[in-house]
Amino acid sequence: MKKALLIFGGLIGLGTIGLVLYKKGVFSKKEIGAGTNTNSNTNSNTATANTRNDNFPLKKGSYGERVKTLQTTLNKFIKNWNKLGKSEFTYNNKKQTSIGVDKDWGSETEAAMSWATGQNTVGSETALNNLVVMANSL
């Protein structure tokens, strides 16, 4: 019982910190990305290995070390939120305890990002770093 209260108290504290950071503009929807596609080519299937990169905004079709960092971070959210009894991450109607860490932002990464943040892009280095900090504080 004490452990559950400590976990609950920690979640309240984390939520308060997140709200303060959000209100100060440190962690905003604009930085994460509002899910808008600024690329004139809306078909992500046309991306090739030669043109795919991990420049911001990170989105489906991105590839590289920043995507790997994001995938590792999303796995921390999935692992900790499941342990705390929060809604479980599902992909293709199956409960998932992690996503693949392969540097490739595909459908699974997109689903995990949407589940964790409600967004489908990461708009800046600051936004990525904020996600990492939040995941590491869980």
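The values are calculated or read from the model by the stated rules, or taken from the named source; none is laboratory data. Since we're looking at a predicted model, the values are computed, not measured. FYI the Cβ positions are ideal-geometry reconstructions off the backbone, even for glycines, and counts take in every protein chain you see.
Points to keep in mind about this one:
- Within the range 97-120, the set of residues being in contact with a helix residue (DSSP H, G or I) (Cβ under 7 Å, 6 or more places away or on another chain) and not in a helix (DSSP H, G or I) comprises T97, S98, I99, G100, V101, K103, D104, W105, Q119, N120.
- Residue in the range 50-82 that is surrounded by the fewest Cβ atoms within 10 Å (Cβ to Cβ), counting only those that are aliphatic (A, V, I, L, M) and under 14 Å from E108 (Cα atoms): I78
- Selection of first residues in the range 121-138 that are surrounded by 16 or more Cβ atoms within 10 Å (Cβ to Cβ) and of second residues that are assigned to a helix (DSSP H, G or I) and basic (K, R), restricted to Cβ pairs under 7 Å at least 6 apart or on distinct chains, gives the following pairs, ordered by first then second residue: G123/K30; L128/R66; A135/K76.
- Selection status of D104, more than 18 Å from L138 (Cβ to Cβ), modelled with pLDDT of 95 or more and of a type outside the set (A, V, I, L, M, F, W, C): yes
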